[in-house]
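Here the structure is laid out as structure tokens; the discussion comes afterwards.
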Amino acid sequence: MADWEYRSETEGDVVNFRYAGENLERAFSEVYVWDLDKTYLDTSLASIGELWRTALEKAFQKKNIPGTATLVRALRSGWEDKRGKLAFPIYFITASPPQMEERINQKLNLDDINPLGAFYKDNLKNWKPSRWWRLTKQVGFKVQALLQLRVRLKDDVRQILWGDDSESDAIIYSLYSDICARRWSEKELIEILSRLHVIGEQTETILDLQDQIPVHDPVEKIYINLATDTDPEYYLKFGRRCVPTSSSLQAALDLFQDGRLSSERVLEVARDMRENYAISLEFMEAGIDNLVRRQILGKPAVEAILPKLAAHGFISNDFKTSVEPRAVEEEREGRVYRLEGVHELWMPEGIDYLHDSR
């Protein structure tokens with residue numbers, strides 16, 4: 001057996017590396033789950049060639065999406081500010097093969113990030129012509145991985161999920177939410193999974209895992225990195241809890257609005273983007289304006305953060321958004337759920353997973 005096989009648990013093509021004990025995992029009321037490729041790392045597994053090139057990269061050669069490492073560390077610091085030195089509950093999911101786990105873990109350690117666990121895809125099983133189509137089909141793999149993690153977590157846990165627009169992550173995360181909440185009958189769920197290229201054996205595993213978890217929707221928020229420039233309006237079909245972003249700063253601003261990041265932590269993300277990735281003042285201003293125009297960032301957050309960003313030169317002193325930010329209409333436990341005059345649902349029922357239209 002290879003070394004990774006001794007250190008992991010495999011179910012179908014889902015390979016699970018656990019870096020924390022069961023008691024610790026069940027202690028958390030809030031957990032972060034981060035897709036790795038095109039969400040945290042600037043990698044692509046869309047073809048066999050890209051998969052091979054990624055596999056050959058050493059840890060120090062792997063590149064981050066601008067600001068992501070600082071954003072994760074900022075979230076951890078905010079977590080520690082409120083909860084002390086209790087481990088930061090973050091997990092990673094990647095379609096990379098488990099043979100890459102050691103190098104990816106080295107990269108995360110270089111970034112000073114220590115996840116509690118990670119899920120990899122055993123794609124060697126698909127390394128033959130009759131199964132090549134499965135190399136890039138991720139719905140079954142990711143839904144199964146999320147459910148395997150869900151089984152280990154607290155019954156009423158909340159999850160904040162990160163993905164991108166290259167691997168149907170909005171569909172995957174929303175469908176996972178539906179499975180946990182039992183919004184579809186078994187017959188309907190089987191039909192949806194089948195249409196999304198999830199094979200029979202994996203469907204049975206997903207249904208079995210569903211039976212092991214409480215009837216509770218753990219998904220509090222979904223962030224989607226627009227790595228391939230998908231129109232943000234497409235994501236309105238998934239509800240306002242699904243927030244498409246074009247930069248780590250946009251995600252940081254929404255996390256600030258929800259009280260998960262302090263203004264100082266937002267400045268850390270902006271500083272990383274400017275100093276290490278040459279992100280311009282104009283780009284940052286456009287990102288803020290975009291969040292306000294899309295009715296995501298409300299007036300209290302805008303009024304609180306703009307002076308601080310301007311004071312540190314991340315935006316100009318006379319910057320104003322092109323439309324007036326809206327007041328907050330609904331807020332619970334410090335989280336913003338609705339802005340004044342916004343009518344889209346936070347989480348619609350009966351999402352159409354099978355068509356790209358809204």
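We did not get these values from a lab; they are worked out from the coordinates using the rules stated. Worth saying up front: this structure is predicted, and the values here are computed from it rather than measured. Because the Cβ atoms are built from the backbone with ideal geometry, glycine has one as well, and the counts that use them run over all protein chains shown.
Run through the range 307-358 and list the GluC sites (Glu not before Pro) located in a DSSP loop whose Cβ has at most 14 other Cβ atoms within 10 Å.
On the way: sites: GLU329, GLU330, GLU331, GLU333, GLU340, GLU344, GLU349; in loops: GLU333, GLU340, GLU344, GLU349.
Taking the range 307-358 and a limit of 14 other Cβ atoms within 10 Å, the loop GluC sites (Glu not before Pro) found are GLU333, GLU340, GLU344, GLU349.
If each of SER77 and THR10 carries a label point 7 Å out from its Cα toward its Cβ, how far apart are those two points in nm?
Each label point lies 7 Å from its Cα, and together they span 4.1 nm.
Fully extended, how many nm does the chain gain between TYR337 and ALA27 (0.36 nm per residue separation, minus their Cα-Cα distance)?
Values: separation 310, 0.36 × 310 = 111.60 nm, distance 2.60 nm.
Between TYR337 and ALA27, full extension yields 109.0 nm more.
Kindly rank 161-171, 146-156, 5-15, 265-275 from highest to lowest mean number of other beta carbons found within 10 Å of each residue. Write down the numbers at each step before the final one.
On the way: 161-171: 23.8, 146-156: 18.2, 5-15: 16.5, 265-275: 21.0.
Per-residue Cβ counts within 10 Å, averaged per peptide and sorted highest first, yield 161-171, 265-275, 146-156, 5-15.
Counting only other residues whose beta carbon sits under 11 Å from that of ASP169, what net charge do I get with K and R as +1, D and E as -1? The partial results should precede the final answer.
Numbers: positive: LYS38, LYS142; negative: ASP35, ASP37, ASP164, ASP165, GLU167.
Cβ neighbours under 11 Å give a net charge of -3.
Treating only the Cβ atoms of Lys and Arg (+1) and Asp and Glu (-1) as charged, compute the dipole magnitude of the chain about its Cα centre; round to the nearest 20 debye.
Working: 48 positive and 60 negative charges, 97 e Å.
Dipole size: approximately 460 debye.
Take the eigenvalues of the Cα gyration tensor for the range 208-358, scale each by 5, and report the square roots as semi-axes in whole Å, largest first.
Values: eigenvalues 165, 58, 53 Å².
Working from the Cα gyration tensor, I get semi-axes of 29, 17, 16 Å.
Taking the chain as the reference, fit the longest principal axis to its C-alpha atoms, fit the long axis of helix 101-110 to the helix C-alpha atoms, and give the angle between the two in degrees, 0 to 90, nearest 10.
On a 0 to 90 degree scale, this one is about 20.
What ranking, highest mean first, results for peptides 231-237, 72-78, 182-188 when packing means the other Cβ atoms within 10 Å averaged over each residue? Intermediate results must be reported in sequence, preceding the final value.
Details: 231-237: 15.9, 72-78: 20.3, 182-188: 12.6.
In descending order of packing, they fall as 72-78, 231-237, 182-188.
Return one quarter of the surface area of the convex hull spanned by the alpha-carbon atoms of the chain, equal to its mean projected area, in nm². Can you show the working numbers first?
Values: hull surface 70.5 nm².
Spelled out: convex hull of the Cα atoms, projected over all directions, averaged, 17.6 nm².
Helix 68-83 versus the longest principal axis of the chain: what is the Cα-based angle in degrees, 0 to 90, to the nearest 10?
Between the helix axis and the principal axis of the chain, the angle is about 80 degrees.
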